[in-house]
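Enquirer: First, the structure itself, so that you have it in front of you.
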Amino acid sequence: MAIIVNLDVMLAKRKMSLTDLSERVDISIVNLSVLKTGKAKAIRFSTLEAICRALDCQPADILEYQPDKAQE
């Protein structure tokens, strides 16, 4: 997939666990785990906003675009 999720990187930088983030944004650990592992197919802007607020970061700190080599 061309979109890379760097949620684990931001959690490490903020010294925050997935459980802490889950409590702060009121999203289940399972759903955050799906996002963190890059298996999510979509994310709501409200969810992205809540995560950015909790981690004090920008969306670009969490999401990264890398073109698929097969598509080039």
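Enquirer: Would a scan of the range 37-44 turn up a residue that is modelled with pLDDT under 95 and among the hydroxyl-bearing types (Ser, Thr, Tyr)?
Expert: Yes; the residues of the range 37-44 include at least one that is modelled with pLDDT under 95 and among the hydroxyl-bearing types (Ser, Thr, Tyr).
Enquirer: Hey, another quick one. Cβ-Cβ below 8 Å, separation at least six or inter-chain, first residue in the range 10-23 and more than 18 Å from residue 49 (Cα to Cα) and polar (S, T, N, Q), second exposed (fewer than 13 other Cβ atoms within 10 Å of the Cβ) and at pLDDT below 95: which pairs?
Expert: Taking only residues 6 or more apart or on different chains, not a single pair turns up.
Enquirer: Take the conditions over 12 Å from the mean Cα position of the chain (by Cα) and free of Cβ contacts under 8 Å to residues at least 12 places away in the same chain and apply them to residue 68. Does it pass? Walk me through it before giving the result.
Expert: Working: over 12 Å from the mean Cα position of the chain (by Cα): yes; free of Cβ contacts under 8 Å to residues at least 12 places away in the same chain: no.
So residue 68 does not fit the description; no.
Enquirer: Condition first: surrounded by fewer than 16 Cβ atoms within 10 Å (Cβ to Cβ) and in contact (Cβ under 8 Å) with a residue 60 or more places away in the chain. Can you find one or more residues in the range 33-54 that meet it?
Expert: no
Enquirer: Can you pull out every residue in the range 16-40 that is closer than 15 Å to residue 62 by Cα, of a type in the set (D, E, K, R) and part of a loop (DSSP other than H, G, I, E, B)?
Expert: Passing the criteria: only 39.
The values are calculated or read from the model by the stated rules, or taken from the named source; none is laboratory data. Quantities reported herein were computed from a predicted structural model and do not represent experimental measurements. So basically every Cβ, Gly included, is an ideal-geometry build from the backbone, and we count neighbours across all protein chains shown.
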